[in-house]
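Peer 1: I have a structure here, written as structure tokens, and I will follow up with some questions on it.
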Amino acid sequence: MVPRFPRFSFKVLLVLLFALSVFILFYSVVRDASPEVIKHVRLNGKQFTHTFIHSAYYYPSSKSLGKNAVALVTTMNKRTVGKITDYKINLVGTNRTAKFENQAWVSTEHRLFERCDYLLITAQSNMLDNMEKLEIEAEGVLVEVPIKKPVINAPKPVIFCVSPQFAAEQWQTFLVQLHVSKKYGAHLHLYIVSMVESYFNLIREYQKMGLVSIEPWLTIKFPVTDGPYLEPNRNVELRNQAAAHTDCLLMYKEAASFVGILDMDDILIPTNANSYYEEFEREYSGDWLISALHYDKYDYKTIKVGDLGSQSLSAIVKNAERLPTKDTGKSFLRPERFNSTWSHWSRAAEKVPIYFDENGERLKEPVFRKLKTISNNGMFHLKNMYLKSLDELKGGEIPLNPTGQLAKMISDNHLNEIDEDMKKMLSLPRIAQLADTLPQEEFYMPIIFNCYNQSFYHLRDTNQMRPNILCVNAYSCDLPQREDMPCVHSDATYHSGPSMWPITYHFATNAFFSRDIGCYQ
């Protein structure tokens, strides 16, 4: 009879064999590895990672960042160090006669316990006068970072920063947002990942008239690496909308009076005011401890029509029905009070202690700024727009303000003025000629909605969202391409810096819109 091997000893043997195999594999890799590859091993609480730099702004003078300020907007792997907000970046600035070194401290708008590995990380420091060149240094290795100039003169005192658009086809929403914003005194700054070409051509016509600014929002790429890395686009929250909003905030930081953070379908109509500026000034009412004005989003379903010349805000408003749901609101702020922002408000701004009052007198105890939620107004969120023919439209009344106020959502006079302006603009020959090219049916929107619903909307609406488990991201959405629906997509010349420890930096220059990629994220 063959003696039985003790069960406990058998388990120990299995563990030892597994450990031995792991050691042999590790040794075989390290033995033949270059020093660069060895860096992938965690050392002293750090690990080798990659960072994409979206922008690096230089301000000779800033109301909130100080003199010769530098602000970098990046997508960074939070696992580079044990706590990413403790990390410091060595910066080197150069002008015609001198060189200056300083460390940049980093911050994030995201909560570190959340599942996404890549985060919006901003880095801030102060350098030297008339800086012409900016570099990042680590262990003697340098990489030059292109400097982006902030806007000096804003087109209007109120700037609306619109979330990056991808596979965008619903041009009717743009017309509503553009003409409402135009009426009440805001300039749109729009980021585009991908968009149906005919829709893009429509926006370009408005851009030529100075009514909207458009900018490519780039897919994150690490062109040259010396080893494996975690794919960033699948492991960052929603294509890093927060980075786009932060880039926009920093771009207009010294030029605008107010900056709004919103999506294309978030329509804000002032109440008891003739402009956004008037409403925002009234709501801030000189209170220096308000970080931002926060407007809840009230969901509506309404109609849209496919004919360009028949667009009417009246038809959309008077056919709107309030849904029982609300969405996370959006913020409108004085740019000197935010140095970065999430997609809804700035978490970082409310964590910064304030030691001096508005007159420069030192306070006995530090205070913190807080959001002010607006109680008498909310956003008209065009959550669902259903395509209808002109003969299906019904007349109706203007809905009441969604917050329960007895006032109408918009006055009859303002509604008529916007309709007249829209009709006038759409009758311009260079815009009217686009009518037959614009999408007359939905294709991408249902696909994206179903993908988002499966990915996270359903979990959110059923209170099953667990941010420490789920990274809110729909990069894996399958977007089929159609030859009869060509798209433009953001692109650029991508660059990789030299291998550095613990972070290698990547960036892009000469961004443009390509017609050779398709409608992808």
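The values are calculated or read from the model by the stated rules, or taken from the named source; none is laboratory data. It should be emphasised that the depicted structure is a prediction, and the values quoted were computed from it without experimental measurement. Every residue, glycine as well, gets a Cβ built from its backbone with ideal geometry; the counts of neighbours run over all protein chains shown. Keep in mind that these areas ignore ligands, DNA and RNA; they rest on the heavy atoms of the full protein, side chains included. Shrake-Rupley method; radii C 1.70, N 1.55, O 1.52, S 1.80 Å.
Peer 1: Just list whichever of Lys67/Lys99; Lys183/Lys388; Lys297/Lys388; Lys297/Lys394 have alpha carbons separated by over 18 Å in the model shown.
Peer 2: Working: Lys67/Lys99 16 Å; Lys183/Lys388 26 Å; Lys297/Lys388 24 Å; Lys297/Lys394 25 Å.
As for pairs spanning more than 18 Å Cα to Cα, those are Lys183/Lys388; Lys297/Lys388; Lys297/Lys394.
Peer 1: Related question: Give the angle, between 0 and 90 degrees and rounded to the nearest 10, that separates the Cα long axis of helix 241-251 from the longest principal axis of the Cα atoms of the chain.
Peer 2: Tilt relative to the chain: about 70 degrees.
Peer 1: Another question about this same structure. Quick one: compute the contact order of region 46-119, relative version, from alpha carbon pairs under 8 angstrom and 6+ residues apart, as a percent.
Peer 2: Value for region 46-119: 26 percent.
Peer 1: Further question on the same structure: Computed from these coordinates, which is Cα extents along the principal axes in Å: (i) 89, 73, 46; (ii) 77, 45, 37; (iii) 73, 71, 60?
Peer 2: (i)
Peer 1: Another question about this same structure. Between Lys99 and Phe222, 0.36 nm times their residue separation minus their Cα-Cα distance comes to what?
Peer 2: 41.4 nm
Peer 1: Under the Kirkwood approximation for Rh and a Cα-based Rg, what ratio Rg/Rh is obtained for region 246-292?
Peer 2: That ratio equals 0.97.
Peer 1: Can you give the local net charge around Gly306? Use residues other than it whose beta-carbon is closer than 11 angstrom to its beta-carbon, Lys and Arg +1, Asp and Glu -1.
Peer 2: Residues close to Gly306 contribute a combined charge of -2.
Peer 1: Turning to a different aspect of this structure: Using alpha carbons only, how many angstrom separate the centre of region 467-507 from the centre of region 194-217?
Peer 2: 21
Peer 1: Using the Kirkwood radius over Cα pairs, work out the Stokes-Einstein diffusion coefficient for region 370-516 at 20 °C and 1.002 mPa s, in µm²/s as a whole number.
Peer 2: 100
Peer 1: Could you please report the charge total around Ile410, scoring K, R as +1 and D, E as -1 over all other residues with beta-carbon less than 12 angstrom from its beta-carbon?
Peer 2: Details: positive: Lys183, Lys318, Lys408; negative: Glu397, Asp412, Glu417, Asp419.
Overall, the nearby charge balance is -1.
Peer 1: To continue, here is another question. Divide by every residue of the chain the summed helix terms, -39500 (n - 2.57) for each DSSP H run of at least 4, and state the resulting mean residue ellipticity at 222 nm, rounded to the nearest 500 deg cm²/dmol.
Peer 2: For the chain, the value works out to -6500 deg cm²/dmol.
Peer 1: Next question. Tell me, what is the 1.4 Å probe accessible area of Met209, in Å² to the nearest 10?
Peer 2: Ignoring ligands and nucleic acids, Met209 comes out at about 60 Å².
Peer 1: Also, quick follow-up: As a test of reading the structure, rank Phe113, Phe332 by solvent-accessible area (1.4 Å probe, protein chains only), most first.
Peer 2: Phe113, Phe332
Peer 1: Can you give the net charge of the other residues whose Cβ lies under 10 Å from the Cβ of Gly396, counting K and R as +1 and D and E as -1?
Peer 2: Working: positive: Lys318, Lys394; negative: Glu321, Glu397.
Net charge around Gly396: 0.
Peer 1: Mind pulling the angle between the C-alpha long axis of helix 171-184 and the longest principal axis of the chain? Nearest 10 degrees, somewhere in 0 to 90.
Peer 2: 70
Peer 1: Considering just Cα atoms, how many Å³ per residue does the convex hull of region 418-459 enclose?
Peer 2: 107
Peer 1: Let me ask something additional. May I ask you to list the trypsin sites (Lys or Arg not before Pro) in region 388-455 that are in a DSSP loop and have at most 11 other Cβ atoms within 10 Å of their Cβ?
Peer 2: Lys394
Peer 1: Right, something else. Lys326 label point, 7 Å along Cα→Cβ, cut-off 17 Å on backbone N: hits in region 369-389?
Peer 2: 371-383
Peer 1: Follow-up question, since we're still on this one. Starting from region 58-156, pick out the GluC sites (Glu not before Pro) whose DSSP state is loop and whose Cβ has at most 11 other Cβ atoms within 10 Å. Before the final figure, lay out each step's value.
Peer 2: Details: sites: Glu101, Glu109, Glu114, Glu132, Glu135, Glu137, Glu139, Glu144; in loops: Glu109, Glu114, Glu132, Glu139.
Answer in residue order: Glu132, Glu139.
Peer 1: Using R₀ = 35 Å, calculate the FRET efficiency as 1/(1 + (r/R₀)^6) where r is the Cβ-Cβ separation of Ser427 and Ile398; round to 0.05.
Peer 2: Calculated transfer efficiency: 0.90.
Peer 1: Ignoring ligands and nucleic acids, what accessible area does Lys182 show with a 1.4 Å probe (Å², nearest 10)?
Peer 2: So the heavy atoms of Lys182 present about 70 Å² to solvent.
Peer 1: For the Cα atoms of the chain, what angle does the longest principal axis make with the long axis of helix 412-426, in degrees from 0 to 90, nearest 10?
Peer 2: Once rounded, the angle reads 70 degrees.
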